[in-house]
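Colleague: Here it is, the structure, as structure tokens.
Quick note: the coordinates plus some simple rules give every number you see, no bench work behind them. Because the structure is predicted, anything quoted here is derived from the model rather than measured. Here the Cβ positions follow ideal geometry from the backbone for every residue, glycine too, while neighbour counts run over all protein chains shown.
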Amino acid sequence: MNLFRTKSVEQSIADTDEPEHRLKKNLGSLDLVVFGVGVTIGGGLFVLTGTAANQFAGPAISISFVIAAVACGLAALCYAEFASTVPVAGSAYTFSYATVGELLAWIIGWDLMLEFIVGAAAVAGGWSGYLANILEGTPLEIPASLASASDGVINLPAGLLVLALTAVLVLGIKLSSRVNQVAVAIKVGVSLLFIVAGLFFVKASNLSPFIPPSEPSGAGTSGLNQPLVEILFGLEPLTYGWGGIITGAAVVFFAFIGFDVVATTAEETVDPAKNVPVGIFGSLAICTLLYFAVSVVLTGMQNFRDISPDDAAPLSTAFTNVGQDGIADVIAIGAAIGIVVVVMILLLGQSRVAFAMARDGLLPRVFAKVHPTYRTPHVITITVGVVVAVLASFTSIDVLAELVNVGTLFAFILVSLGVVFLRRSRPDLPRAFRVPFVPVLPIVAALICFYLMLNLALETWIRFVVWMAIGLVIYFAYGYRNSRLGKERAETKA
């Protein structure tokens, strides 16, 4: 069994010109920057900041964001080299197929499904909570039985949102980009409003000590909830201090998934060699600055111990607590609008990865069909939309949130190491963007991502291994036998 057969870069690019699989090239560098900002600024900024500050790092949660951003930045260098060299839909899946072989490409594709599907469903559920809070007490108030899968019968707003965004994605990538631009303008404006207005209510006492001293962890002391690094090395469960900062970085890493979605749109980008790196680095830089500033202002407005870890709208609550209900309402509404496009872009990323896998025969070929008018992968887009809508409507998946982090970090590790492999196996390839200091920098990127993975809970690792095992069963039952590359090589030998 040839499990590590690789698909050449030239073949991957040639497949994009097949009439039945050709996607429309409509995106420029601004579109990509906005896509990256659109998916990155969402639940991580508007929800996760308060929880992570309260439970892990205190005011130093801003340092956690910087550490997570550095890890993302190093991986982003590797993504940029790959995306400018192999401008094909599929992101890390496609890159892995060209470097480390089909089996690992399948594993990373299956891993990305976990990242995008679970992420989209979780964010849609979070948006529903924001909407319910905004409409509470109005004639449009959503009945509790229809607003939550855990406390009611169905999360109807979340399901309807996913289906509506699926329709937008089917109608064209440019329309999706226009919707995203409007929403991004709103949520960046809301973020800046929070920072500027919040500065007037910052108290220096709330930021001191900036790094709270370590203390025994009240939560997470049981085996399954404990970070894997504590179990492996027999460390005492602690929170705050530098250990809390690192754990916080592993948790808020969810806030940075976004630039890898930019890489999935390379096939629909005009001049991807130039525009994709701009989109990746531009969106990452903007989001890092906003995350840092918002986290400092939030923990300066109120003591981090007073922030409720269960608060779905900590930024809005911060202004409510200082008597500024008007600003609180504006932030809540802006956050609800901004979170919408996070769901849309995660759906976009998942449909492009599955489209690439289906085009390679690892998933049924019907999923690789492109709409004759809109030139979008409509079959897989609709399929993904229905699956995510069902998950968001009927499943409470808060416990799966960290799965998105472990899946993303695993993808970053393979992409980082893939740069080293491709540099050695294909030094002749033209590279519009080149990672500096190879192999040192990619290896450092992989090690940082792996260390962050170790700081996630044992139960997250168990779920991740189970998901990967299911993926391997599907690959050997279907993907390996139906691989387009495998069939072509078998015909060549015959």
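Colleague: Just order 464-471, 385-392, 168-175 by mean Cβ neighbour count inside 10 Å, highest at the front, would you? Walk me through the intermediate numbers first.
Modeller: Working: 464-471: 14.1, 385-392: 21.6, 168-175: 18.5.
Final packing ranking: 385-392, 168-175, 464-471.
Colleague: Output wanted: per-residue J couplings in Hz (rounded whole) for segment 77-83, from phi through Karplus 6.51 cos²θ - 1.76 cosθ + 1.60, θ = phi - 60°, x for Gly and Pro.
Modeller: With the stated coefficients, segment 77-83 comes to 4, 5, 4, 5, 5, 5, 5 Hz.
Colleague: Hey, another quick one. Residue separation times 0.36 nm, minus the C-alpha to C-alpha distance between GLU10 and ALA490: what's the value?
Modeller: Taking 0.36 nm per residue and subtracting the Cα distance, the gain is 170.9 nm.
Colleague: Students often forget the sequence filter, so: which lysines lie under 21 Å Cα-Cα from LYS7 once same-chain residues fewer than 8 apart are removed?
Modeller: Of all the lysines, those that pass the test against LYS7 - Cα under 21 Å, at least 8 places apart if same chain - are LYS369, LYS487, LYS493.
Colleague: Now for a separate question. Please compute the Kirkwood hydrodynamic radius of the chain from all pairs of different C-alpha atoms, in Å with one decimal. Kindly include the intermediate steps, with their values, before the conclusion.
Modeller: On the way: mean 1/r = 0.0439 Å⁻¹.
It works out to 22.8 Å.
Colleague: Tell me, what is the FRET efficiency for TYR451 and ASN2 to the nearest 0.05, using R0 = 30 angstrom and their Cβ-Cβ distance as r?
Modeller: On the way: r = 33 Å, r/R0 = 1.11.
Between TYR451 and ASN2 the formula returns 0.35.
Colleague: So for the chain, averaging the separation of alpha carbon pairs under 8 Å that are six or more residues apart and normalising by length, what relative contact order in percent results? Don't skip to the answer; put the middle values down first.
Modeller: Working: 916 pairs, mean separation 166.2, N = 494.
Relative contact order for the chain comes out at 34 percent.
Colleague: What angle do you read, to the nearest 10 degrees and between 0 and 90, between the alpha-carbon axis of helix 102-113 and the longest principal axis of the chain?
Modeller: Roughly 30 degrees, rounded to the nearest 10.
Colleague: Right, something else. In Å, what is the Rg of the alpha-carbon atoms in segment 250-375, and how long is Dmax?
Modeller: 19.5, 58
Colleague: Could you tell me the distance between the Cα centroids of segment 331-383 and segment 233-255, to the nearest Å?
Modeller: Distance between centres, Cα-based: 33 Å.
Colleague: Would any residue of segment 51-82 have its amide N under 20 Å from a label point 7 Å out along Cα→Cβ of ARG426? List them or say none.
Modeller: Correct set: 76-82.
Colleague: For every other residue with a beta carbon closer than 9 angstrom to the beta carbon of VAL88, add +1 if it is Lys or Arg and -1 if Asp or Glu, then tell me the sum. Intermediate results must be reported in sequence, preceding the final value.
Modeller: Numbers: positive: none; negative: ASP15, GLU267.
Summing Lys/Arg as +1 and Asp/Glu as -1 gives -2.
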